[in-house]
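Asker: Please see the structure below; I have some questions.
Please treat every number below as a calculation from the coordinates, not as lab data. All of these numbers come straight from a predicted model, not from anything done at the bench. Cβ atoms come from the backbone with ideal geometry, glycine included; neighbour counts cover every protein chain shown.
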Amino acid sequence: MPNATHPYHAQMNITARPQTVFVKGEGAYLWDDKGKRYLDFMQGWAVNCLGHSPAVVADALAAQAKLLLTPSPAFYNGPSLKLAKALVANSCFDQVFFANSGAEANEGAIKLARKYGALHRGGAHEIITFAGGFHGRTLATMSASGKKAFEPLFEPKVTGFPKAQLNDLDSVKRLISDKTVAVMLEPIQGEAGVWPATDQFLKALRALTREHGLLLIVDEIQTGMGRTGKLFHYEHAGIEPDIMTLGKGIGGGVPLAALLATEHASCFEHGDQGGTFNGNPLMCAAGLAVLDHVSKPEFLKSTVDAGLFLESELQRLSARHGLGEVRGRGLLLALDLKLPIGASIVAQAFADGVLLNSPQPDALRFMPALNVERDEIAEMVECLDAILTKAGAARRVA
């Protein structure tokens, strides 16, 4: 049993957190309660798209907090209307439902697809998802995910999510039946280790779903809001999905998510969907500030440039240390370590004042702020280079 007198005991022990308390963040950096500074290449798992505590978000929150926090989702409010209109104007979708987390947005997408199946496809309810996919931690989104670690948890799962293989169109075709209503995927599987769907696969998948009258759902919770160099990743493939989910970066650090759908797919009726805090003006004001910033062409270009620089630096590291490929797009990249040393690298980097992520034992994932500077990338690479050099020397001695 954990020690009830331990200072951290009041919070449920749901992950292996280091005993460090962060008290301040600014841009690419965090500071703990001892005054130590950390360079952050996780940014809350791609949440802080403009870095820690950006002025545009802080100012938007402060101004809105003095006006109205939430009037209840039973009423319209100005920031949610403005944000919905802006998202529609910048995408191929017609309507928006706001939520508080990516999992909640994905849950809404699943419900919307099943409602569509009930109304238009004779009760079809199955949604084809993909091995390695990750869609959240509600029961339905865990069931939709293809994460092996989820398989024994919280049984019985929600049924209706047959799994295909990413970039294998035939594996999708084999699963289509009269029970199928949709196909759902991440354009880049983040938790699996940053495995991209090819643009060709996305094009073929869009053609296949149209041929069979199925909805195409893109989970852009990690790839959306400029992360891969375009405002939304589906733009790279030149396709128009029926449903998209956003989270993480849309709030720039505050809890905000969105479910977007075309007019054709928007079939919720009164009472089908809701949520106490959904679309509250405080979070939507932050979302408006973020969208206004990241949607600018010059900002997206700077993200592309930073991503290319980070990619080239990681490739240089890989060549120097005999590692594997660099995967991903824009500022969502992974370095294949070839060996299960990710956790030890993350721990050493933390001790050295750099925050890294290892979603799989043999890979590192990089999710810096979209406005990361070249000298910050160089600082991270220098730290990682030193760690890999020491690790290589240790292996040679062993």
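Asker: Report the FRET efficiency, 1/(1 + (r/R0)^6), for residue 58 and residue 119, where r is their Cβ-Cβ distance and R0 is 41 Å, rounded to 0.05.
Answerer: After rounding to 0.05, the efficiency reads 0.40.
Asker: Further, regarding this structure: Translational diffusion coefficient, Stokes-Einstein: compute it for the chain using the Kirkwood radius over C-alpha pairs as Rh, at 37 °C and 0.692 mPa s, and state it as an integer in µm² s⁻¹.
Answerer: D = 149 µm²/s.
Asker: What FRET efficiency would be calculated for the residue pair residue 26, residue 178, taking the C-beta separation as r and a Förster radius of 56 Å, to the nearest 0.05?
Answerer: Efficiency, rounded to the nearest 0.05: 0.55.
Asker: Peptides 101-111, 58-68: what's the order by average Cβ count within 10 Å, highest mean first?
Answerer: Working: 101-111: 24.8, 58-68: 14.4.
Ranking, from highest mean packing down: 101-111, 58-68.
Asker: Using a 10 Å cut-off on Cβ atoms, rank the peptides 368-379, 297-308 from the highest mean neighbour count down.
Answerer: Working: 368-379: 19.7, 297-308: 15.7.
For the peptides 368-379, 297-308, the packing ranking is 368-379, 297-308.
Asker: Next question, about the same structure. Of all DSSP beta bridges in the chain, what percent run antiparallel (nearest 5)?
Answerer: The answer is about 65 percent antiparallel.
Asker: Okay, moving on. Which of the helices in the chain meet the span-like rule: DSSP H, Cα axial reach of 30 Å or more, Kyte-Doolittle mean at least -1.0?
Answerer: Correct list, ordered by number: 297-321, 374-397.
Asker: Any idea how far the Cα center of segment 165-183 sits from the one of segment 6-49, in Å?
Answerer: That distance is 40 Å.
Asker: May I pose another question? Taking the Cβ of each residue in 195, 31 as the centre, tally the other Cβ atoms inside 10 Å and list the residues starting with the fewest. List each step's numbers first, then the result.
Answerer: Values: 195 20, 31 15.
The order, fewest Cβ neighbours first, is 31, 195.
Asker: Test of understanding: ordering 176, 217 by Cβ neighbours within 10 Å, fewest first, what list do you get?
Answerer: 176, 217
Asker: In addition: Subtract the Cα-Cα distance of residue 149 and residue 171 from 0.36 nm times their separation in residues, and report this length gain in nm to one decimal.
Answerer: Length gained between residue 149 and residue 171: 5.7 nm.
Asker: For segment 55-294, what's the relative contact order in percent, using C-alpha pairs closer than 8 Å and at least 6 residues apart?
Answerer: Relative contact order here is 31 percent.
Asker: While we're here: Gain in length, residue 312 to residue 11, computed as 0.36 nm per residue apart minus the alpha-carbon separation, to one decimal in nm?
Answerer: On the way: separation 301, 0.36 × 301 = 108.36 nm, distance 4.06 nm.
Here the segment from residue 312 to residue 11 would lengthen by 104.3 nm.
Asker: Subtracting the Cα-Cα distance from 0.36 nm times the residue separation, let me have the gained length for residue 235 to residue 72 in nm, one decimal.
Answerer: Stretched fully, the residue 235-residue 72 segment lengthens by 55.3 nm.
Asker: Listed highest first by mean packing, meaning other Cβ atoms within 10 Å per residue, what order do 283-296, 81-94 come in? The partial results should precede the final answer.
Answerer: Values: 283-296: 23.2, 81-94: 17.1.
For the peptides 283-296, 81-94, the packing ranking is 283-296, 81-94.
Asker: What are the extents of the Cα atoms of segment 160-263 along their three principal axes, listed from largest to smallest and rounded to whole Å?
Answerer: Dimensions of segment 160-263 along the principal axes of its Cα atoms: 41, 30, 26 Å.
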